[in-house]
1. Filter region 1-11 down to the residues that are surrounded by 17 or more Cβ atoms within 10 Å (Cβ to Cβ) and either over 13 Å from residue 168 (Cβ atoms) or under 15 Å from the mean Cα position of the chain (by Cα) (or both) and list them by number.
2. If I ask for residues that are under 18 Å from residue 96 (Cβ atoms) and surrounded by fewer than 19 Cβ atoms within 10 Å (Cβ to Cβ), which ones from region 141-164 would you list?
3. Which of the strands (runs of 3 or more DSSP E) contained wholly in region 70-162 include at least 3 residues that are within 15 Å of residue 47 (Cα to Cα)?
4. Just the residues that are in a loop (DSSP other than H, G, I, E, B) and surrounded by fewer than 21 Cβ atoms within 10 Å (Cβ to Cβ), please, taken from region 21-43.
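The values are calculated or read from the model by the stated rules, or taken from the named source; none is laboratory data. In this text the structure is predicted, and so the values were computed from the model without any measurement. In this analysis, Cβ positions are derived from the backbone assuming ideal geometry, glycine residues included, and neighbour counts consider all displayed protein chains.
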């Protein structure tokens, strides 16, 4: 079993590589394992879609605050809502970096970045790689433990390899939920959430 909690106890930054087929199961499994306050950055599924996935799997997300960088590319949404802050696009890397930085100041126990590979749909590989390097360096100046998701396939290898060289540990799944194929090294509470969202809105 991939024990994400134990891996994050021993490492501050992880890259979890998976196939698109197992993606939904893995994201549920990871959130189930983590206790404490979580900042969930999504460049893949919308906040509403994620809520639906978690609700169907009976995952309690009362301790999770979301940064949604995808919804505004699909529909009109406000800048913020209960438990969520919206960014204009996964391609708006400066905006996304600033917002994540503001959230990191609130000392979340964990940050989940879902996913690094979807950045390539909106930005050039060089820009996405530069963003990832900057973000990881920013995270390492905090105590927040972070797991990045990477989806295999297509032209995703470059960003996966680049991120793999910057994080503390890379884990690759073999297609079964919670099962670790190998470790790749050198590859390449409701009111509290409302207060954080409001503070970030003032800071941005």
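1. Answer for region 1-11, where residues must be surrounded by 17 or more Cβ atoms within 10 Å (Cβ to Cβ) and either over 13 Å from residue 168 (Cβ atoms) or under 15 Å from the mean Cα position of the chain (by Cα) (or both): 2, 4, 8.
2. Of everything in region 141-164, those that are under 18 Å from residue 96 (Cβ atoms) and surrounded by fewer than 19 Cβ atoms within 10 Å (Cβ to Cβ) turn out to be 141, 142.
3. In region 70-162, the matching strands (runs of 3 or more DSSP E) lie at 84-86, 110-114.
4. Passing the criteria: 21, 22, 34, 35, 36, 37.
Condition check ((1) more than 19 Å from residue 108 (Cβ to Cβ); (2) under 14 Å from the mean Cα position of the chain (by Cα); (3) modelled with pLDDT of 95 or more) across all residues:
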residue	(1), (2), (3)
124	yes, no, yes
137	no, no, yes
147	no, yes, yes
157	yes, no, no
166	yes, no, yes
